[in-house]
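Every number in this text was worked out from the coordinates using simple rules, so none of it is lab data. Note that the structure is a prediction, hence the values are computed from the model and not measured. In this analysis, Cβ positions are derived from the backbone assuming ideal geometry, glycine residues included, and neighbour counts consider all displayed protein chains.
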Amino acid sequence: MSYRIDNFIDGETTESRSERFGAIFDPATGQQQGTVALSTAAECLDAIASAERAFADWSQTPPLVRARVMFRFKELMEQHRDELARLISREHGKVFSDAQGELTRGLEVVEFACGIPHLLKGEHSLNVGRGVDSHSMMQPVGVCAGITPFNFPAMVPLWMFPVALACGNSFILKPSEKDPSLALRMAELLKQAGLPDGVLNVVNGDKEVVDVLLTDPRVQAVSFVGSTPIAQYIYATASAHGKRVQALGGAKNHMLVMPDADLDQAVSALMGAAYGAAGERCMAISVALVVGDATADALVAKLKPLVEALRVGPGLGPIPENEMGPLISREHLAKVRGYVDQGVAEGASLVVDGRGVSHGEGYFIGGSLFDRVGPEMRIYREEIFGPVLAIVRAPDYETALRLINEHEYGNGTAIFTCDGDTARDFTTRVQVGMVGVNVPIPVPMAFHSFGGWKRSIFGPLNMHGPDGVRFYTRMKTVTARWPQSLRAGAEFSMPTMK
Ligand code: NAD
């Protein structure tokens with residue numbers, strides 16, 4: 001049965017006044033299953049006004065009370081876990097266990113936000129001068145906005161709003177129009193958890209509402225996750241309008257396999273990291289850089305039968321469940337198929353061709369494996385965001401490291417080796433934000449911060465963890481001296497602490 005997704009403004013599900021709607025497809029069948037309102041600029045202004053009103057009281061609510069809302073929210077999300085995971089799978093297409101994993105990683109940020117009273121304690125120095133004390137406090141910034149991608153409809157919003165709200169801000173979430181249901185459902189559960197009306201608003205839509213969030217003077221901070229061209233646009237526009245911005249972009253993550261690596265471990269890591277979620281993860285491994293032809297030959301020989309045997313099918317399929325679901329849309333499927341065509345045309349060797357795999361009208365493609373990919377090829381330089389793994393053969397470690405460092409993206413990387421000295425050299429010299437040692441997808445835990453380098457991020461502060469708290473608060477430092485020191489009279493030289 002077809003459904004319609006509207007907005008959540010001022011604590012209520014609000015029917016959109018827009019005349020524009022987007023289609024929500026079931027990627028496993030290719031059938032339209034619902035519609036989403038593409039809201040108007042005026043509706044976004046309503047949400048900003050609501051968030052601004054709500055900020056006045058929420059920012060003064062004790063952090064302990066705000067944390068208790070987060071504890072209840074976490075409880076409710078756990079109670080509705082299977083329903084939420086099914087919803088992710090139905091709109092995004094990823095397999096059910098992967099959707100559950102996404103929820104777990106998102107809920108870890110809620111757990112982190114539950115510790116907010118401790119995180120906001122600030123700093124205090126007694127006697128910075130005689131009779132003078134100084135303390136720093138972290139105050140919320142105001143109305144914050146989050147614009148999120150399709151590939152993690154629960155986890156990426158959960159990187160943002162739990163920390164923002166716990167810090168005392170109000171928030172407007174603009175989810176991906178491709179899988180918008182999760183955002184609305186989480187807003188309802190937060191209300192049930194006791195969040196006051198207007199503290200979290202969800203506005204569905206596209207560029208029209210995003211541009212309001214980037215330019216309205218009442219919005220103080222913008223968090224974005226998505227593709228690099230849009231991340232750059234978000235950063236340039238919002239910062240030109242005086243906002244603080246964290247904008248995370250695309251990726252091309254390399255896994256370096258050294259000749260001394262445990263090859264079976266490397267192969268199983270590559271299978272999950274390259275083909276899990278059909279490669280639609282910003283931390284997916286899309287390049288295996290293999291040092292030495294002998295290692296590459298052995299690796300390809302082990303990978304080939306496993307890639308051919310991947311169970312591809314609907315995310316909510318039978319038990320045992322499939323390993324790889326469909327891609328998000330017909331257009332994206334055509335784009336990924338086009339990259340496989342391109343790789344062949346560029347002269348890479350196609351060891352496994354996923355283009356033959358299909359299931360009815362769903363947006364399916366099988367896993368593809370290219371060997372002998374060159375750094376000049378488009379399939380090496382560009383983000384494909386699909387189940388296509390490129391093997392690049394490197395003569396030695398230094399060449400491999402240089403290739404990673406010269407790539408325009410720097411989100412995640414990993415090295416597989418049994419040598420501690422090589423691993424140490426790699427972690428210190430590699431120009432990438434998140435690095436794994438024998439760990440293929442090194443996504444930092446919620447109490448650390450998540451973010452890449454180079455064109456995978458715009459703005460200095462990463463998501464969640466300590467950086468998340470810094471991003472969603474302003475530091476204020478108070479230096480105080482009490483009246484008796486005034487007896488000394490006025491000072492006309494530059495004040496220094498005595
Ligand atoms: P996208 O850039 O197309 O869309 C992201 C968001 O921006 C959506 O909410 C969309 O509605 C909005 N948007 C799109 N075009 C816009 C425009 N012209 N003006 C204003 N807003 C616009 O990204 P996507 O396809 O949803 O997600 C996939 C991309 O996200 C990949 O590149 C992936 O690497 C990246 N990603 C990065 C990370 C990370 O942590 N670095 C995490 C997840 C996804």
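Brief remarks follow.
- Gyration tensor verdict on segment 33-104 (Cα atoms; rounded if a/c is under 1.5, prolate if a/b is larger than b/c, oblate otherwise): oblate
- Take every Cα pair under 8 Å whose residues are at least 6 apart in sequence, average their separation, divide by the length of segment 48-132, and the relative contact order is 36 percent.
- Centroid-to-centroid separation of segment 375-442 and segment 55-96 [C-alpha atoms, Å]: 35 Å
- Note: relative contact order over segment 384-498, using C-alpha pairs below 8 Å and six or more positions apart, is 19 percent.
- For residue 175, the shell of other residues with beta-carbons less than 12 Å away shows a net charge of -1, using +1 for Lys and Arg and -1 for Asp and Glu.
- Put in line by how crowded their Cβ is, counting other Cβ atoms within 10 Å and starting with the fewest, 321, 111, 123 read 123, 111, 321.
- Mean Cα-pair separation over length for the chain, i.e. relative contact order, pairs under 8 Å, 6 or more apart, %: 18 percent
- Residues whose amide H falls under 5 Å from that of residue 14, counting only those 5 or more places apart or on a different chain, are 7, 8, 9, with hydrogens built in the peptide plane.
- Rounded Å value of the spacing that divides the Cα centres of segment 194-222 and segment 125-149: 24 Å
- Sum of -39500 (n - 2.57) over DSSP H runs of 4+, divided by residues of the chain (222 nm, nearest 500): -12000 deg cm²/dmol
- Applying a threshold of 25 Å to the alpha-carbon distances of 121/191; 74/174; 178/454; 74/121 flags 121/191; 178/454 as lying beyond it.
- Three-way shape label, the chain, alpha-carbon gyration tensor, a/c 1.5: oblate
- Distance-filtered residues of segment 340-373 - backbone nitrogen under 14 Å, label point 7 angstrom along residue 382 Cα→Cβ: 340-346
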